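Reading through the structure tokens given below for one structure.
Taken together, the values in this text are just the output of simple stated rules run on the coordinates, not laboratory data. Bear in mind the structure is a predicted one, so any value in this text is a computation, not a measurement. Glycine also receives a Cβ, built like all others from the backbone with ideal geometry; neighbour counts cover every protein chain displayed.
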Amino acid sequence: MECALRIDSDNTTAKVVLPDGDPSAQRSVLREQIGGSPEGAVYHRRALLHVHGDGRNAGLAPNLAGWALACVWRGRELPYQLYGPVVVTGPYADEGGVAPLEEGLLRQAEVTAQTVRETLAAWKHRPPVSNEAAVQELLAYVRHEMTSV
């Protein structure tokens, strides 16, 4: 069984088991986890973020932890949001499915979600001065925490 990680819009995570080497079965699990047609996006050369193909129009909530992970892995602030659950897997495999997510990258995704949860909780008592400051602060915290993984 291949391991992946789901990051929900509430910034919580859950490990996901994908069937070994069966692209059709893997896609079915991804569709179930995301709640719609999954699209794989490359933000890291050894990982994919699978997102709902039409999450914004489907009314899904923004996924701040998934967005922060994509930003840090890409090395820049993305000008768009990710919506709904995000499933992080390894890269596409030769046979058409996806490879398992490496343990180190799985840990980075978990740490990102935890950092986002902690930062949002801290902002209830000490809100950022602007949206721009909030984005910069959040991404700085995530980058910092990822270096310890």
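Which shape class applies to the range 1-69: rounded if a/c is under 1.5, otherwise prolate when a/b exceeds b/c and oblate if not, where a ≥ b ≥ c are the square roots of the Cα gyration tensor eigenvalues?
Details: a/c = 1.65, a/b = 1.37, b/c = 1.21.
Prolate shape, in that a/c is at least 1.5 and a/b is the bigger ratio.
Checking a compactness column here: for the chain, what do you get for Rg(Cα) / (2.2 N^0.38 Å), N being the number of residues?
1.02
Can you order the peptides 130-140, 88-98 by their average number of other Cβ atoms within 10 Å per residue, highest first?
Going by the mean number of other Cβ atoms within 10 Å, highest first, we get 88-98, 130-140.
What FRET efficiency comes out for the pair residue 136/residue 25, r = Cβ-Cβ distance, R0 = 41 Å, nearest 0.05?
0.50
Mind checking Rg over Rh on the range 99-148, alpha carbons, Kirkwood formula for Rh?
Over the Cα atoms of the range 99-148, Rg/Rh equals 1.08.
Going by average Cβ neighbours within 10 Å, how do the peptides 32-42, 73-83 rank, with the highest at the top?
So the peptides 32-42, 73-83, ranked by packing, come out 32-42, 73-83.
Once fully extended, how much extra length lies between residue 58 and residue 149, figured as 0.36 nm per residue of separation less the alpha-carbon to alpha-carbon distance?
Gain on extension, residue 58 to residue 149, equals 29.3 nm.
Using the basic label-point model (7 angstrom from Cα toward the beta carbon), what is the residue 114 to residue 80 distance in nanometres?
3.1
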